[in-house]
Amino acid sequence: MPERAYAEIVVDLPLSRVDQVYHYAVPERFRTELCLGSRVLVPFGRRQLAGYVVGFRSQAAVEQVKDILDVLSSQPAFTHELYTLARWMAERYLCTTAQALQCIAAPSRGAGPRYEEGVYAAPGGGSADQERLTPKQRQVWRTVREHPGLTRAQVAALSGVTPVVVARLLEKGVLTTSRRSVARNPYPVSQTITELPRLTGEQLRALEAIEKGFQAQRKEFFLLHGVTGSGKTEIYLRAAAGALVQGRQVLVLVPEITLATQLIHQFKARFGDLVAVLHSRLGAGERYDEWNRIFRGEAPIVVGARSAVFAPLQNIGLFVLDEEHEPGYKQEEAPRYLTGDVVRARAALSKAVVVFGSATPALRTYARALTGQQHQLLKLTSRVDGRSLPQVRVVDLREELQAGNRHVFSRYLAGRIREKLDQGQQVLLFLNRRGLATIVLCRACGEALSCAHCAISLTYHRDGSLHCHYCGYRRNLPAACPVCGGERLSRFGTGTQRVEEETQRLFPGARVVRLDGDTVTGKRSHDRLLDSFREGQADILIGTQMIAKGLDLPGVTLVGVVNADTTLLLPDYQSAERTFQLVTQVAGRAGRGPVPGEVVVQTYHPDHYSIQAATSQNYELFFIREMALRREMGYPPFTTLARVLFRGRRESQVEQAAQQFRELLALPEDGRIQVMGPAPPPVARIKDYYRRHLILKAPKRKELRMLLVETLDKFEAGGRNKVLVGIDIDPQSL
Ligand code: ADP
Ligand code: ZN
């Protein structure tokens, strides 16, 4: 039997129970065409389904083997390493291998190579004929000899003639054209670096540790904890160069592509077209070309957002995860992976070094590094230029209220803004993302109404009721604050739009731009808005956390956090962590230019440890306080959480399914695995699909996973396919 007589196929099936590799015969006519990662059509039961080729064999394991029906795409969509990674994902995230592969596979739909006509000297149209050419024609001839393959328009432009002259020579047969494929380049190199900065002592030590990691030729994880402006990017760049020198490749990840432009340009400036860029906002054609450049080994450095973690590099030596704490690293559709964990798994396969970089590391990562669990801690404690971190002033909004000021801006912040505007300096106003959940806050004591069982804020619903969306607890809106008895309870949520309106009312002469999900739709419009602000075409920039991170805005001397509480009171066990991160990061935006920076943080909770720690840029203080709380409440990193999400058209069916799933859970007697719910998630209905979830909490990840697999099997065997079930391990926003 020929070696490729049979293929191993992962078929697109939604159920985990049937997640396995199936064998099909490869008909003679497909045998040379197919390769690992090809997409094929196969008979499955009475249906025809698509699947991926994941291997070949000379014999089939079973008697009755059906034929592959058709080849949908013979282009390889992944590498062997990525297939191994897909298997790992299926197990870790309880999805099917097919789902993992769909997420990993090359973008194929509607894209192909782009061709251009290049102009060349015709064979035999040689120099002898030159005598018969006009001076203009001779100039064109010389251009083509020097630069073969240019387009007609380019040849004409370079020769200083009209395209007619080029056309005439083509007619005469002196020149000829030929089709060639050209790669679309989403980020042309705009500048090049000639001189590298001298590394500081701290940078040198960090880099040395990382480079030792390369030499060891095994996986090594580093947490690079460096305050904003401490020169982490320079370390990424040097480490990347080090990896290239060793013949290894580099994968650099950023949490959101809108923030990556500066980083992309820095890498391009140093490494030119060795850099490929991958993210979902590229055009289909651009993505196709970049993917293929990487696959062919032409671009050993890849910079990209979350999905670029699956870039088809074949010999990665270095992974960089910049701003590793960011929620953007979580994939919110199945397979619901955490990019950092996928990176760890992939680094183990390719024996690579990983650098997790952040000024405000995720609690989980920092805890691992502190205890030396596979992660080494590298610290950068000072800014490279010796500039001090900005002054932070906290404004207590409760005092503003008592003074009768109900506006968005405190008297202090308004005064500072006015002064900066008078001095012709720029101001950044920062707001949390438009909160999905509305919470209720006591204006007197600043407390949010919260669930006694879960220690998270209750969510206000339109009918006037309050819900805990972890455990399902529910109550009516009380007349007075249960903590202080105050009677001014108000619903809470400040949008960027309202801030913009008040800004314009208060500072009528100021030029204001707003940057959030409403005003920004594409990568380019985001860059345009920022560029115009950087060039001084506006005075005040208002934005959500999009603007909080990674940006160099040297003209900004004042940063205002309009309301730190919108994050702090978010109904989420990570709300304090998010608040600390955001305030710290925002503060890092101020004073990057020659004028020292100044930060004003408005809050109803000036004494909260996350605000205090952020204003003094004291990560360790925050870490200790937050870890104590997490331990007490049994939240990660002391436990693993999982969320089981149920979705369906009929609310009663969804509720019933969630109840039934809960009853199917065979929980250990001693209560070490806890189940909360069913409860409605913050958004209880999306596009006419009702939603309920269960939240599980367990000390051991593995045990939790096994419990879920078992339960899922029983549940699927019951065949309730009118309700969709999704599993989210390590959910990031609950
Ligand atoms: P971080 O990523 O830690 O916030 P950056 O990498 O953006 O900090 O560095 C801040 C600025 O300092 C950048 O403009 C960078 O080019 C510059 N820089 C980095 N390292 C050095 C160095 N050793 N000497 C001088 N300037 C440096
Ligand atoms: Zn609760």
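Laboratory data are not the source of any read-out in this text; all were calculated from the coordinates shown. All values derive from a computational prediction rather than experimental measurement. Glycine gets a Cβ as well: all are built from the backbone with ideal geometry, and neighbour counts include every protein chain shown.
Restricting to Cα pairs below 8 Å that are 6+ residues apart, what does the relative contact order work out to for the chain? Please round to a whole percent.
On the way: 1442 pairs, mean separation 77.2, N = 734.
Relative contact order comes out at 11 percent.
Across the chain, Cα-Cα pairs more than 41 Å apart make up 41 percent of the total. Note on residue 670 and residue 3: the model spin-label points, each 7 Å out from Cα along the C-beta direction, lie 5.3 nm apart.
Stretch residue 385-residue 406 to full length: gain in nm at 0.36 nm per residue minus the Cα-Cα span? Kindly include the intermediate steps, with their values, before the conclusion.
Working: separation 21, 0.36 × 21 = 7.56 nm, distance 4.04 nm.
Extra length available between residue 385 and residue 406 comes to 3.5 nm.
Note down the net charge around residue 422, summing +1 for each Lys or Arg and -1 for each Asp or Glu among other residues with Cβ under 12 Å from its Cβ. Don't skip to the answer; put the middle values down first.
Details: positive: 416, 418, 420; negative: 419, 539.
Once positives and negatives cancel, what remains is +1.
Can you tell me the FRET efficiency between residue 212 and residue 618 if r is taken as the Cβ-Cβ distance and R0 is 25 Å, rounded to the nearest 0.05? Calculated transfer efficiency: 0.25. Residue exposure proxy: 165, 556, 392, ordered by other Cβ atoms within 10 angstrom of their Cβ from fewest to most, comes out as 165, 392, 556. Neighbour counts of C-beta atoms inside 10 Å place 89, 676, 706 in the sequence 706, 676, 89, starting with the fewest.
Taken along the Cα-to-beta-carbon direction at a fixed 7 Å, the label points for residue 638 and residue 461 span 3.1 nm.
Quick one: of 268/420; 379/697; 268/351; 232/330; 66/351, which pairs are farther than 29 Å apart, Cα to Cα? Let's see the in-between values first.
Working: 268/420 35 Å; 379/697 33 Å; 268/351 26 Å; 232/330 22 Å; 66/351 39 Å.
Over 29 Å apart, Cα to Cα: 268/420; 379/697; 66/351.
Between the residues 186, 537, 119, the greatest Cα displacement towards the positive end of the dipole of the chain, with unit charges on the Cβ of Lys, Arg, Asp and Glu, is found for 119. From least to most packed, judged by other beta carbons within 10 angstrom and beginning with the fewest, 667, 338 follow the order 667, 338. A Förster distance of 22 Å, applied to the separation of the beta-carbon atoms of residue 154 and residue 269, puts the FRET efficiency at 0.30. Annotation: Cα Rg of segment 115-181 relative to the compact-globule expectation 2.2 N^0.38 Å equals 0.98. Counting alpha carbon pairs within less than 8 Å and at least 6 residues apart, what relative contact order, in whole percent, applies to segment 6-104? Computed over segment 6-104, the figure is 34 percent. Shape analysis of segment 243-356 places it in the rounded category; the axes a ≥ b ≥ c from the Cα gyration tensor give an a/c below 1.5.
By how many nm would the segment from residue 627 to residue 298 grow when fully extended, if each residue of separation counts as 0.36 nm and the alpha-carbon distance is taken off? Walk me through the numbers on the way to the answer.
Values: separation 329, 0.36 × 329 = 118.44 nm, distance 4.51 nm.
Full-extension gain reported as 113.9 nm.
Between residue 700 and residue 58, the distance separating the two model label sites (each 7 Å from Cα on the Cα→Cβ line) works out to 4.4 nm.
Can you tell me how much longer the chain between residue 399 and residue 91 gets when fully stretched, taken as 0.36 nm per residue apart minus their C-alpha distance, in nm with one decimal?
Extending this stretch completely gives an extra 105.6 nm.
Let's test the formula: R0 of 56 Å, r as the Cβ-Cβ distance of residue 65 and residue 178. What FRET efficiency results, to the nearest 0.05? Could you put the intermediate results ahead of the total?
Working: r = 46 Å, r/R0 = 0.81.
After rounding to 0.05, the efficiency reads 0.75.
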